[in-house]
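Worksheet: one structure, shown below.
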Amino acid sequence: MERVGIIGVGQSAFVRGYPGSIRELAYEGFKEAMEDAKISNGDIDASIVCSAPEYDKQRSPAGVIAEYLGLTPQPTFYVESVCSSSSTGLKVAYSMIKAGLHDVVCVLGFQKMSEISSAESQERMGRGADIQWESPFGTMMPAYYAMYARAHMAEYGTTEEDLALIRLKAATYGQLNEKAVYRKPVTMEQIFDPERPPVATPLKVFDCCANADGSSCIIVASEEKAKAFCEKPVWIRGLGASSEPVNMAARDLFTGLNVAIEAGKQAYEMAGVGPEDIDVAEVHDCFTIAEMMAYENLGFAKPGEGKELIGAKETYKEGKIPVNVDGGLLSKGHPIGATGGSQIRTIVLQLRGEAGPMQVKDPEIGLVHNIGGVGLYGNVTILGRS
Amino acid sequence: MAKGKKKKEVDDRFKRFGTVSFTAISKVNDFVDYLAQGKVMGTKCKKCGTVHFPPVADCAECLSSDVEWFEVTGTGKLVSFSKLTYGPVGFEDDLPYAIAILDYGDYKVFGRIDKNIPDEELSIGIAMKTKPITLPNDQLSYVFTKA
Ligand SMILES: [Zn+2]
């Protein structure tokens with residue numbers, strides 16, 4: 001079977017208030033990926049631009065971004081699945097290459113969350129859920145994940161301290177990642193500071209990732225082109241994707257994310273591997289509880305035993321299954337459309353042995369878990385050195 | 001002479017649902033009238049019997065749009081809840097408030113918990129009821145109260 005490989009990865013620094021326009025922000029991730037791939041614009045046959053449109057003032061951003069990156073007249077279009085947009089973009093790129101339509105496809109994820117005022121942002125946040133049946137109650141993203149946290153705590157005895165351990169791990173590696181927005185150390189005392197009210201009980205400020213501006217870029221190629229262009233292509237081994245009802249009332253699981261379980265199953269099956277074969281993983285830790293559930297939904301721990309995994313530091317760099325050793329969304333920040341690409345970049349660098357101070361020892365197979373909305377969309381991607 | 005143009009009637013009753021409504025027009029606008037009458041209603045497909053809350057105008061299971069209303073009655077079990085300290089624009093005056101899910105067995109209901117219930121009386125699994133209310137801004141909604 002013809003394989004599809006990743007030949008270049010890049011991302012901008014994730015920052016608060018990027019001092020430039022969206023096309024300039026997109027350029028930063030693109031430049032790094034192009035220099036990594038050592039190819040020129042003409043080598044790219046198509047581009048896929050990924051972001052969450054509620055933050056964009058520009059209508060149909062794919063056009064202006066393709067223009068700025070010198071990717072016209074090749075086809076370009078926009079892909080959206082909120083926070084999982086760029087891993088959806090990767091799947092589309094894979095499909096186009098497998099179909100034989102194109103040989104080299106650029107997946108560009110970006111988000112300039114500061115493009116709109118924080119009041120506008122707050123207003124849009126309220127519409128992140130089912131606007132007909134949930135938003136009229138005044139819902140916010142953290143409160144939804146908080147309901148999952150409370151259900152997980154009630155079912156398995158998980159505690160706020162267990163969740164705090166995940167933030168401590170994120171901060172440990174965030175300090176090493178020069179592209180992360182939050183690079184300060186974090187202590188238990190800070191996390192449990194009684195002066196800070198919870199954001200949405202039981203989640204506190206440090207349980208939540210921060211908004212950021214950023215871009216990411218992944219260059220995907222057919223096996224033939226990947227071998228021609230790249231010394232160390234990383235191969236796409238498994239792709240899984242799933243969706244779940246937006247409305248909480250239509251769901252039946254509140255201690256985990258069905259989309260992650262389902263997408264994970266598909267990705268493992270396609271790759272012919274299991275959770276025990278994964279050497280390094282990036283999971284969508286928009287909230288600490290999200291990482292806890294990811295451990296369990298991906299099979300790194302049994303349901304309810306995620307707390308033992310983090311408690312024993314098994315998801316640290318030296319552990320059984322290193323997770324988010326780049327600081328995760330909690331430290332890096334979460335520029336919606338750029339996040340999946342940033343996760344993919346991290347795993348590609350890990351598999352190439354180029355992750356610097358965050359490098360895990362000799363990984364063969366890596367996994368990316370990228371979730372859109374509150375478990376609304378789920379993408380699991382498995383990458384391998386061979 | 002300009003002829004007196006008759007303004008087309010728009011059935012936008014749905015804009016009365018919730019503290020801030022983001023939807024004005026829906027085929028299930030009657031939901032709002034029922035709320036005004038003190039009833040929280042879901043729908044049941046007459047053809048295949050599938051029960052829906054929130055109500056739907058169309059049944060994707062059997063592609064029938066012949067649905068009937070049923071009232072949410074009795075008690076549901078509290079599935080989970082979270083109290084918000086920060087809210088979106090338009091909800092500032094309501095803060096803090098708790099959102100929650102009740103499980104009625106055949107269906108679940110998403111909504112808010114009655115503010116009069118002290119935090120210490122809330123825990124997953126308790127029985128609660130869904131009660132229609134009129135909000136201070138004359139909007140219509142419902143809250144979960146203790147059974
Ligand atoms: Zn039906």
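The values are calculated or read from the model by the stated rules, or taken from the named source; none is laboratory data. Given the structure is predicted, the values throughout are model-derived calculations rather than measurements. Here the Cβ positions follow ideal geometry from the backbone for every residue, glycine too, while neighbour counts run over all protein chains shown.
Against the definition (within 16 Å of the ligand (Cβ to nearest atom), part of a strand (DSSP E or B) and touching a residue at least 24 places away in the same chain (Cβ under 8 Å)), how does B:Lys27 come out, yes or no? Write out each step before concluding.
Numbers: within 16 Å of the ligand (Cβ to nearest atom): yes; part of a strand (DSSP E or B): no; touching a residue at least 24 places away in the same chain (Cβ under 8 Å): yes.
Here the answer is no, as B:Lys27 does not meet what is asked.
In the stretch A:102-119, what count of residues is obtained for those that are in a helix (DSSP H, G or I) and under 12 Å from A:Phe14 (Cβ atoms)?
Filtering the stretch A:102-119 down to residues in a helix (DSSP H, G or I) leaves A:113-115, A:118-119.
Cutting the leftovers down to under 12 Å from A:Phe14 (Cβ atoms) gives us A:113-114.
Total satisfying the criteria: 2.
Which residue out of B:Val72, B:Val79, B:Val67 is within 12 Å of the ligand (Cβ to nearest atom) and not hydroxyl-bearing (Ser, Thr, Tyr)? Spell out the reasoning first.
On the way: B:Val72 fails: within 12 Å of the ligand (Cβ to nearest atom); B:Val79 fails: within 12 Å of the ligand (Cβ to nearest atom).
On inspection, the qualifying residue turns out to be B:Val67.
Before we move on, is B:Val89 more than 16 Å from the ligand (Cβ to nearest atom), modelled with pLDDT under 95, out of contact with any Ser or Thr (no Cβ under 9 Å at 6 or more places or on another chain) and away from every other protein chain (no Cβ under 13 Å)? Please lay out each step first, then the result.
Working: more than 16 Å from the ligand (Cβ to nearest atom): yes; modelled with pLDDT under 95: yes; out of contact with any Ser or Thr (no Cβ under 9 Å at 6 or more places or on another chain): yes; away from every other protein chain (no Cβ under 13 Å): no.
The answer is no for B:Val89.
Kindly indicate whether any position in the stretch A:190-205 is in the same structural domain as A:Ala129 (by TED's automatic domain parsing), over 30 Å from A:Ile22 (Cβ atoms), assigned to a helix (DSSP H, G or I) and at pLDDT 95 or above.
There is at least one residue in the stretch A:190-205 that is in the same structural domain as A:Ala129 (by TED's automatic domain parsing), over 30 Å from A:Ile22 (Cβ atoms), assigned to a helix (DSSP H, G or I) and at pLDDT 95 or above.
If we scan the stretch A:121-128, do we find a residue that is outside any helix (DSSP H, G or I), of a type in the set (Gly, Ala, Ser) and modelled with pLDDT under 95?
Yes, there is a match, as at least one residue in the stretch A:121-128 is outside any helix (DSSP H, G or I), of a type in the set (Gly, Ala, Ser) and modelled with pLDDT under 95.
For B:Lys108, which of the numbered conditions (1) within 14 Å of A:Glu134 (Cα to Cα); (2) at the interface with chain A (Cβ under 8 Å from one of its Cβ atoms); (3) touching a Ser or Thr at 6+ places or on another chain (Cβ under 9 Å) fails to hold?
(3)
Quick one: which of B:Phe81, B:Phe70 is buried (at least 21 other Cβ atoms within 10 Å of the Cβ), part of a strand (DSSP E or B) and among the aromatic types (Phe, Trp, Tyr)? Break it down stepwise before answering.
On the way: B:Phe70 fails: buried (at least 21 other Cβ atoms within 10 Å of the Cβ).
So the residue among B:Phe81, B:Phe70 that is buried (at least 21 other Cβ atoms within 10 Å of the Cβ), part of a strand (DSSP E or B) and among the aromatic types (Phe, Trp, Tyr) is B:Phe81.
State all residues of the stretch A:240-282 that are farther than 26 Å from B:Val79 by Cα and buried (at least 22 other Cβ atoms within 10 Å of the Cβ); if no residue qualifies, say none. Walk me through it before giving the result.
Here is the first cut: in the stretch A:240-282, the residues farther than 26 Å from B:Val79 by Cα are A:240-241, A:265-282.
Of everything in the stretch A:240-282, those that are farther than 26 Å from B:Val79 by Cα and buried (at least 22 other Cβ atoms within 10 Å of the Cβ) turn out to be A:Gly240, A:Ala267, A:Tyr268, A:Ala271, A:Ile278, A:Val280, A:Ala281, A:Glu282.
Under 20 Å from B:Phe144 (Cβ atoms), more than 16 Å from the ligand (Cβ to nearest atom) and either at the interface with chain A (Cβ under 9 Å from one of its Cβ atoms) or loosely packed, with under 12 Cβ neighbours inside 10 Å (or both): does that describe B:Ile99?
Considered against the rule, which asks whether it is under 20 Å from B:Phe144 (Cβ atoms), more than 16 Å from the ligand (Cβ to nearest atom) and either at the interface with chain A (Cβ under 9 Å from one of its Cβ atoms) or loosely packed, with under 12 Cβ neighbours inside 10 Å (or both), B:Ile99 comes out as yes.
Across the stretch B:30-60, what is the number of residues that are part of a loop (DSSP other than H, G, I, E, B) and more than 13 Å from chain A (Cβ to nearest Cβ)?
First, the residues of the stretch B:30-60 that are part of a loop (DSSP other than H, G, I, E, B): B:37-40, B:46-50, B:53-58, B:60.
Okay, now just the ones that are also more than 13 Å from chain A (Cβ to nearest Cβ), so B:37-39, B:46-49, B:58.
Within the stretch B:30-60, residues that are part of a loop (DSSP other than H, G, I, E, B) and more than 13 Å from chain A (Cβ to nearest Cβ) number 8.
Look at the stretch B:109-130 and say how many of its residues are touching a residue at least 40 places away in the same chain (Cβ under 8 Å) and charged (D, E, K, R).
Going through the stretch B:109-130 one residue at a time, the tally reaches 1.
Which condition number in (1) within 16 Å of the ligand (Cβ to nearest atom); (2) over 13 Å from the mean Cα position of the chain (by Cα); (3) outside any strand (DSSP E or B) is the one that B:Gly105 fails?
(1)
Of all residues in the stretch B:111-129, how many are farther than 19 Å from B:Phe22 by Cα, within 11 Å of chain A (Cβ to nearest Cβ) and not small (Gly, Ala, Ser)? Before the answer, list the steps.
Step one: of the stretch B:111-129, the residues farther than 19 Å from B:Phe22 by Cα are B:113-129.
Now restrict to residues that are within 11 Å of chain A (Cβ to nearest Cβ): B:113, B:119, B:122-125.
Restricting the remaining residues to those that are not small (Gly, Ala, Ser) gives B:113, B:119, B:122, B:124.
Adding up the residues that qualify gives 4.
Tell me, please, whether a residue that is away from the ligand (no atom under 16 Å from the Cβ), closer than 14 Å to A:Pro136 by Cα and among the aliphatic types (A, V, I, L, M) can be found in the stretch B:14-24.
So far as the stretch B:14-24 goes, yes, one or more of its residues are away from the ligand (no atom under 16 Å from the Cβ), closer than 14 Å to A:Pro136 by Cα and among the aliphatic types (A, V, I, L, M).
Going by what's in this entry, would A:Ser81 be described as under 23 Å from A:Leu329 (Cβ atoms) and outside the structural domain of A:Leu239 (by TED's automatic domain parsing)? Even if it seems obvious, please write down each step before you answer.
On the way: under 23 Å from A:Leu329 (Cβ atoms): yes; outside the structural domain of A:Leu239 (by TED's automatic domain parsing): yes.
The answer is yes for A:Ser81.
Determine whether B:Ser141 is facing another protein chain (nearest Cβ under 8 Å), touching a Lys or Arg at 6+ places or on another chain (Cβ under 9 Å) and either farther than 16 Å from B:Val20 by Cα or surrounded by fewer than 20 Cβ atoms within 10 Å (Cβ to Cβ) (or both).
Working: facing another protein chain (nearest Cβ under 8 Å): yes; touching a Lys or Arg at 6+ places or on another chain (Cβ under 9 Å): yes; either farther than 16 Å from B:Val20 by Cα or surrounded by fewer than 20 Cβ atoms within 10 Å (Cβ to Cβ) (or both): no.
In short, no.
Yes or no, residue by residue, for (1) closer than 29 Å to B:His52 by Cα; (2) away from chain B (no Cβ under 14 Å); (3) out of contact with any Gly (no Cβ under 9 Å at 6 or more places or on another chain); (4) without any contact (Cβ under 8 Å) to a residue 60 or more places away in the chain:
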residue: A:Ile261; (1), (2), (3), (4): yes, yes, no, yes
residue: A:Asp279; (1), (2), (3), (4): no, yes, no, no
residue: A:Glu282; (1), (2), (3), (4): no, yes, no, no
residue: A:Met293; (1), (2), (3), (4): yes, no, no, no
residue: A:Gly299; (1), (2), (3), (4): no, yes, no, yes
residue: A:Gly304; (1), (2), (3), (4): no, yes, no, no
residue: A:Gly319; (1), (2), (3), (4): no, yes, yes, yes
residue: A:Gly328; (1), (2), (3), (4): no, yes, no, no
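Which residue pairs have Cβ atoms under 7 Å apart, sit 6 or more places apart or on different chains, and have a first residue in the stretch A:26-47 that is in a helix (DSSP H, G or I) and a second that is polar (S, T, N, Q)?
A:Ala26/A:Ser215; A:Glu28/A:Ser12; A:Glu28/A:Ser215; A:Gly29/A:Gln11; A:Gly29/A:Ser12; A:Gly29/A:Ser215; A:Gly29/A:Ser216; A:Glu32/A:Gln11
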